[in-house]
Amino acid sequence: MEHRRARRRPVNLHVLVRHQGTPVAFCSTLDISLEGARLHCGALGLEPGSLVEVDLSLPEGDDRYIRLPALVVHCTEGRLGVLFTGVDNADVDTLSGFLHHAPEVDPERRGGGTCYSIFL
């Protein structure tokens, strides 16, 4: 059963996932909305309920990114589902503007993006 209020869009962005302030994976989005995202991250071993930060690199020709606090909803089969939490208005506006103009990725070509687990 679908519980999302915002439609997720199949968009490919580079993502850095941090857990307890430490980078744990460099990966890509499979789809994203204003409320959350599904990431192609490989095996991270994060449990549902874990708090993470998601750094989204925005493809605007510069090195812009937004860092969003998130709650892990699921982590299975190399996919990480996160729900954004406590996002400030400026980041919502930035993400909303990006999603409004971002070209969608062909669903048949999603999921083959870059994925690196980072072990320190």
Between residue 92 and residue 43, what's the calculated FRET efficiency when r is the beta-carbon distance and R0 is 41 Å? Round to 0.05.
0.85
Cβ crowding within 10 Å averaged over residues, with 18-25, 75-82 ranked highest first:
75-82, 18-25
Going 7 Å from the Cα of residue 64 in the Cα-to-Cβ direction, what parts of the stretch 20-41 have a backbone nitrogen less than 11 Å from that spot?
none
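Read-outs throughout are calculated quantities, based only on the coordinates presented, and are distinct from any laboratory measurement. Computed from a predicted structure; not experimentally measured. Here Cβ is always computed from backbone atoms with ideal geometry, including for glycine, and neighbour counts include all displayed protein chains.
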